[in-house]
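Worksheet for the structure shown next.
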Amino acid sequence: MPAKLKAKRDTQGRANFLIAVFLMLSVILSFRLFTIQVLQHKEYKAMAQSQYWNLQEIPPSRGNILSSDGYFLAANKTAYLLFAEPKEVKDPISSARKISEIIVSSGHSSEEFAKTVSEFSEAMSSKLLWVALAHNLSLEKKEAILKLGIAGLGFENEPVRFYPERNLAAHVLGFVAKDQNGQDTGYFGIEGEYNGDLSGRAGRVVQELDAVGAPILVGGYKRVDPINGRDVTLAINRSIQYLVERRLKEGVEAYGAVSGSVIVMEPFSGDVITMANYPSYDPSNFNEEVEESTEAGRPLVQKRNLAISETYEPGSVAKAITISAAVDSGKITPQTTFVDGGPAVYSGHTIDNWDGKHYGTQTIIELLQKSNNIGAAWVAHLIGTQSLAKYFRAFGFGEKTNIGLEGEDTGTVREVKDWADIDLATAAFGQGISATPLQVLNAFNVIANGGNLVQPRIVTRMVGGGGRVIEMVPKKLKRVVSQETADTMVYLLTEAVSGGESKYFNIKKYIVAGKTGTAQIPVEGKYDPTKTNATFVGFLPESREFTMIVRLDRPSTSPYAAETAVPLWMRIAEDLVKYYGIPPDK
């Protein structure tokens, strides 16, 4: 090949190679620019803004929580945010030391003191126009700092959560603590469930910076005031809550129970007038250690709201639902009879009455008065598995009530395909199913209000900025049983109290409709007869001002509800009739 031709081809090859390289680099550069300008536009914009803008937050005032009678259950006391305008501070190091001597308590180490001095000095030496120095200062510390006369310092009001009634309704309220980002956040109860409404929106001070981080005098400086949180009003009546909590504490200690819960509701609206648990805690001191009492094995501090978060087998109070289902479906009347001839066997398992006694031919009235398990199982088999399970769910078992409190459990009603004959028999008297105390009481509201399942209501209204009011309207969810069935059940439950096992403790001047429940607690797959949940649910049928459940966990003086939960219920009811001014009806 001639030398000239070869040289020409070599030159052309190098040129093509260079063109290919340039094309490749152009493609890579174009793709990179596309990535930066389009795909990662927001990310790079945020990075640029973070380099040229400084943001300081001003905390909003958290909304108050009030009782139905207008008392503050959770509120804010004023603390102070100390800030500096660095360009006005003449001697940052000396000023930092003087401020630290006031802010750092005497119990802190010299290392912590030195660290605080260093942080304050650095902040006051910065080129920012405004910088936060310390949060949550008391009025005394604010006044002490003002007396120093240091130019360039100032204060903003800073709300701090506190609970004026200490542990009153603690499990309903919840508490406020710092989250992982150092922000105040509500946990449990109303504070947790309504955190978004209560917390409001923080204000901010935004400053534009130059390339070396100094404020631009002609640049942006903007202050946005905080938007305070909404006030929340509860259905909780402060006076009734107080007297119930006092009685509950007395009852748990007198009967040697591990814990106890009481709920008082208005049966037509679903308003929760009182929700109390013992042991309790102070939401202002939520970091208390959970210790065990050496006397009764009872936890001194209990942060869970047992009324909505702890499910249990309710026992014989469930007979009211079983009988309601049978009456409503036309299977029985109060005068229907059955034969209690001794223990009954279902699916190879034997069931017996709670006291081991048997009474021959009995009516449905006597079934409830004697809390007869044999009769309840017989009634359940008249109804059938599908129908009974359907009624349990219709009464609100097996799903949340959606009361609006953080931590609510659903309880358990198993799928019908998993029920054997023994499951149908035991469900009839409240074992093998589980519910929360709130679910049990709301089921009894169906009977008290004429047959309707209502939505439990604990928040009645919210008031936001500018006085805007949001009303939480009571909700009637569905009709569960007919008015006639409800009336029949009121009669049966009245007879159950007047002629049943609780009659020795009944209040003397008032008719009471209700049902006891003593449920053995399963331990390692077997029921322990010495460990029980004792429950009484009832109302005054003539006035129907309230319904109430008392539940005691493992009372040690007696395992029976008739000797523990019933007398406690009656003592609280006597307080309530005085508070409401309900005249005697017998």
- Within the stretch 55-234, how many Lys pairs sit with Cα atoms under 16 Å apart, leaving out pairs fewer than 8 places apart on the same chain? 9
- Note to self: Kirkwood Rh of the stretch 231-291, Cα pairs, one decimal, Å, is 13.0 Å
- Query: Once phi is turned into θ = phi - 60°, what whole-Hz ³J(HN,Hα) does the Karplus curve with 6.51, -1.76 and 1.60 give for every residue of the stretch 463-476, x standing for Gly and Pro?
  - Reply: 10, x, x, x, x, 5, 9, 10, 8, 9, 6, x, 10, 9
- Task: Starting from the amide H of Leu477, placed 1.01 Å from N in the peptide plane, find each other amide H under 5 Å away whose residue is 5 or more places distant or on another chain.
- Result: Leu453, Val454, Gln455
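Dividing the convex hull volume of the alpha carbon atoms of the stretch 55-234 by its residue count, what do you get in Å³ per residue? It would help to have the intermediate numbers written out before the result.
On the way: hull volume 26.1 nm³, N = 180.
Measuring per residue, one finds 145 Å³ for the Cα hull of the stretch 55-234.
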- Give me the net charge of Ser498's neighbourhood, meaning all other residues with Cβ under 15 Å from the Cβ of Ser498; Lys, Arg count +1, Asp, Glu -1. +1
- Where in the stretch 423-503 are there chymotrypsin sites (Phe, Trp or Tyr not before Pro) that are in a DSSP coil and have at most 13 other Cβ atoms within 10 angstrom of their Cβ? none
- Report Rg(Cα)/(2.2 N^0.38 Å) for the stretch 325-368, keeping two decimals. 1.30
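First obtain the Kirkwood hydrodynamic radius of the stretch 148-210 from its Cα pairs, then insert it into the Stokes-Einstein equation at 4 °C and 1.567 mPa s, and state the resulting D in µm² per second as a whole number. Working shown, then result.
Numbers: Rh = 14.6 Å.
The estimated diffusion coefficient comes to 89 µm²/s.
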- Item | Hz values of 3J(HN,Hα) by residue in the stretch 569-586 - Karplus curve (6.51, -1.76, 1.60), Gly and Pro given as x | 4, 5, 5, 5, 4, 4, 5, 5, 5, 5, 5, 7, x, 7, x, x, 10, 8
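Quick one: if the Förster radius is 41 Å, what FRET efficiency do Ile28 and Glu415 give, using the C-beta to C-beta distance and rounding to 0.05? Walk me through the numbers on the way to the answer.
Values: r = 60 Å, r/R0 = 1.47.
The value I calculate is 0.10.
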- Task: Just report the Cα centroid separation between the stretch 425-464 and the stretch 69-146, whole Å.
- Result: 51 Å
- Query: Remind me, relative contact order of the stretch 55-234 in percent, using alpha carbon pairs under 8 angstrom and six or more residues apart?
  - Reply: 35 percent
- Could you calculate the FRET efficiency of Lys508 with Leu139 from 1/(1 + (r/R0)^6), where r is the beta carbon distance between them and R0 is 45 Å, rounded to 0.05? 0.25
- Task: Check cross-link reach from Lys503 to the lysines: straight Cα distance under 17 Å, and skip same-chain residues fewer than eight apart.
- Result: Lys370, Lys515, Lys586
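Taking the Cβ-Cβ separation of Asp225 and Ser118 as r and a Förster radius of 25 Å, what is the calculated FRET efficiency to the nearest 0.05? If you can, show how the numbers build up before the last one.
Numbers: r = 32 Å, r/R0 = 1.27.
Plugging the Cβ-Cβ distance into 1/(1 + (r/R0)^6) gives 0.20.
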- Note on the structure: In Å³ per residue, the alpha-carbon convex hull of the stretch 489-566 encloses 94 Å³
- Item | Interchain or long-range residues, amide H under 5 Å from Glu158's placed H | Ala79, Tyr80, Leu81
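Counting only DSSP beta bridges with both residues in the stretch 55-234, tell me the antiparallel percent, nearest 5. If you can, show how the numbers build up before the last one.
Working: 30 of 32 bridges.
Percent antiparallel among DSSP bridges in the stretch 55-234 is about 95.
Report D for the stretch 421-515 in µm² per second (integer): Stokes-Einstein, Kirkwood Rh on Cα pairs, 10 °C, 1.306 mPa s. Don't skip to the end; give the middle numbers.
Values: Rh = 16.3 Å.
Stokes-Einstein gives a translational diffusion coefficient of 97 µm²/s.
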- Long-range amide H partners of His349, meaning residues 5 or more apart or on another chain whose placed amide H is closer than 5 Å, are none
- Excluding residues fewer than 8 places away in the same chain, name every one of the lysines whose C-alpha is closer than 16 Å to that of Lys478. Lys390, Lys400
- Query: Once phi is turned into ³J(HN,Hα) by the Karplus curve 6.51 cos²θ - 1.76 cosθ + 1.60 with θ = phi - 60°, what whole-Hz value does each residue of the stretch 368-373 show in order, with x for glycine and proline?
  - Reply: 6, 5, 8, 6, 7, 5
- Post the alpha-carbon centroid distance, the stretch 253-267 to the stretch 347-378, in whole angstrom. 27 Å
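Bear in mind these aren't lab numbers, they're just calculated from the coordinates by the rules spelled out. Computed from a predicted structure; not experimentally measured. Here the Cβ is made from the backbone with ideal geometry for all residues, glycine too, and neighbour counts use every protein chain on show.
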